[in-house]
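Q: A single structure is presented below for examination.
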Amino acid sequence: MTTIRVRLTLTYSGLFLLTSVVLLITVNLLLRRALDTRIARLSGAAVAPTAPTLGMPVHRPPLPQLPELVNEVIGYQWQVTAFTVGILALVSLVVGWLVAGRILRPIHRITATAQRLSLSTLHERIALAGPKDELKELADTFDAMLDRLELSVAGQRRFIANASHELRTPLAVQRAAIEIGLPEDVGEIRGTLLLHNHRAEKLIDALLVLAQAEHGLDNRSPVALDQVVRLVLAERGSDGVTVTERAEPFVVDGDPVLLNRLVTNLLDNAVRYNHPGGTVEVTLSRGVLTVRNTGPHVPQERFGDLFEPFRRLQTTRGQGDGLGLSIVASIAKAHGADVRASPNPGGGLELVVVFAGSEDALPATDDKRRR
């Protein structure tokens, strides 16, 4: 697949060579015609008798040799023309490549800015200087679009912050009213209300974490991922599932709270979507975090739903809010990591998070989904 710079170079070079070849051929043909005309005139002049001058003999030119001389001159001219065309071809390619690169330099700048942009770098602009041409108009239009996008994202952040405050306050009041106002002897009503209140609070927290992860990382710091894994395993219960862990030292440049949530969600998913007496294996090796669990078989057609928000897979141990793995995918993306999922032969899943800077590069296969 050729780039636009190559196509522009070939176009410039082709037009230049076509013009040069037409010019040189025209010059050679006109030169041949002029020489033939001149020889014809000399031949006509040689037929007329010439009177001797001052008793000196007249030396006439050997006219029969002139056509051969013309052929030699024209042949040499064509050789020079072919050599000149070859040199011009090389020169036109080099000059065309440089000119195309200079013309496309603003496009490369626009592309580099677009590739760098994320929700945390929306303040950057192209700010292309130069004459008011089509490329500057394109860059200014892109900057104006970024201005509108930055305003929209800022409004979204304010809305999330205000909504989280407005939603958490009544839920906290509701929980306090349930715990204080309802006696414990009212049966299942008090427990059911507290359960739904707790689920609503967890859902709001999950949505806020998801929004924060999709926003990107404003501040980064070195985080010992192996210590995060051990801390999460120590804080979380196994719920009747055997959890094994093997973590090698590895440092990630990111957000410690979000990384803790990533490992927590992976472990919660592995424990929740399991069966009594099952196993969970957590491995961190050379920057690759792997969580493998036993459990029900996941159909191949449902793999596309694993990392989508509010998508739940039917299990025998209940359902979550459908945000666990979508939060994992968002946090991994914010840290430049890659999340992959594949089925275990006996049931369950293998979830793999490959962090930037890891020594292992896992090949993508048909049974692995990448986000």
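Q: When only residues in region 152-179 that are more than 16 Å from LEU208 (Cβ to Cβ), at pLDDT below 80 and of a type in the set (A, V, I, L, M) count, which is least open to solvent (accessible area, probe 1.4 Å)?
A: The residue in question is ILE178.
Q: Among the residues of region 232-255 satisfying the criterion of being touching a residue at least 12 places away in the same chain (Cβ under 8 Å) and assigned to a helix (DSSP H, G or I), which is surrounded by the fewest Cβ atoms within 10 Å (Cβ to Cβ)?
A: Going through the qualifying residues, I end up with LEU233.
Q: Of the conditions (1) at pLDDT below 80; (2) farther than 30 Å from ASN219 by Cβ, LEU122 clears all except one; give me its number.
A: The single condition LEU122 does not satisfy is (2).
Q: Specify the residue that is nearest to the chain's Cα centre (by Cα); the eligible residues are those in region 56-85 that are at pLDDT 65 or above and more than 19 Å from ASP36 (Cα to Cα).
A: Looking at residues that are at pLDDT 65 or above and more than 19 Å from ASP36 (Cα to Cα), I get VAL85.
Q: To continue, here is another question. What pairs come out if I take residues in region 271-289 that are in contact (Cβ under 8 Å) with a residue 12 or more places away in the chain and pair them with residues that are of a type in the set (Lys, Arg) whose C-beta lies under 6 Å away, six or more apart or interchain?
A: ARG272/ARG317; GLU281/ARG292; THR283/ARG246
Q: Can PRO222 be described as in contact (Cβ under 8 Å) with a residue 12 or more places away in the chain, within 28 Å of ARG157 (Cα to Cα), open to solvent by 30 Å² or more (accessible area, probe 1.4 Å) and not β-branched (Val, Ile, Thr)?
A: yes
Q: Now for a separate question. Hey, among ARG292, ARG261, which residue is more than 15 Å from ASN344 (Cα to Cα) and of a type in the set (D, E, K, R)?
A: Residue meeting the stated conditions: ARG261.
Q: With (1) exposed (fewer than 13 other Cβ atoms within 10 Å of the Cβ); (2) more than 20 Å from ALA139 (Cβ to Cβ); (3) not hydroxyl-bearing (Ser, Thr, Tyr) as the list, and ALA89 as the residue in question, which single condition is left unmet?
A: If we test ALA89 against (1) exposed (fewer than 13 other Cβ atoms within 10 Å of the Cβ); (2) more than 20 Å from ALA139 (Cβ to Cβ); (3) not hydroxyl-bearing (Ser, Thr, Tyr), just (1) comes out false.
Q: Continuing with the same structure: Looking only at residues that are open to solvent by less than 40 Å² (accessible area, probe 1.4 Å), closer than 21 Å to ASN274 by Cβ and among the small types (Gly, Ala, Ser) in region 344-371, which one is modelled with the highest pLDDT?
A: GLY348
So that you can scan it fast, the table gives a plain yes or no per residue for (1) open to solvent by 20 Å² or more (accessible area, probe 1.4 Å); (2) modelled with pLDDT of 90 or more; (3) outside any loop (DSSP other than H, G, I, E, B); (4) in contact with a Ser or Thr (Cβ under 9 Å, 6 or more places away or on another chain):
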{"position": "VAL209", "(1), (2), (3), (4)": "yes, no, yes, yes"}
{"position": "ARG230", "(1), (2), (3), (4)": "yes, yes, yes, no"}
{"position": "VAL257", "(1), (2), (3), (4)": "yes, no, yes, no"}
{"position": "LEU267", "(1), (2), (3), (4)": "no, yes, yes, no"}
{"position": "GLY277", "(1), (2), (3), (4)": "yes, no, no, yes"}
{"position": "VAL282", "(1), (2), (3), (4)": "no, yes, yes, yes"}
{"position": "GLU301", "(1), (2), (3), (4)": "yes, no, yes, no"}
{"position": "GLY304", "(1), (2), (3), (4)": "yes, no, yes, no"}
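Q: Taking VAL99 as the residue in question, decide whether it is over 23 Å from the mean Cα position of the chain (by Cα), open to solvent by 70 Å² or more (accessible area, probe 1.4 Å) and touching a residue at least 12 places away in the same chain (Cβ under 8 Å).
A: It is false that VAL99 is over 23 Å from the mean Cα position of the chain (by Cα), open to solvent by 70 Å² or more (accessible area, probe 1.4 Å) and touching a residue at least 12 places away in the same chain (Cβ under 8 Å).
Q: Residues ILE126, ILE107: which one is of a type in the set (Val, Ile, Thr) and outside any helix (DSSP H, G or I)?
A: ILE126
Q: If you go through region 1-36 one residue at a time, how many are among the polar types (S, T, N, Q) and open to solvent by 60 Å² or more (accessible area, probe 1.4 Å)?
A: Residues flagged as among the polar types (S, T, N, Q) and open to solvent by 60 Å² or more (accessible area, probe 1.4 Å) within region 1-36 amount to 5.
The values are calculated or read from the model by the stated rules, or taken from the named source; none is laboratory data. The shown structure was predicted, so the numbers you read here are calculated from the model rather than taken from an experiment. Note that each Cβ is placed from the backbone with ideal geometry, even for glycine, and that neighbours are counted across all protein chains shown. Heavy atoms of the whole protein, side chains included, go into the accessibility calculation; ligands, DNA and RNA do not. Shrake-Rupley method; radii C 1.70, N 1.55, O 1.52, S 1.80 Å.
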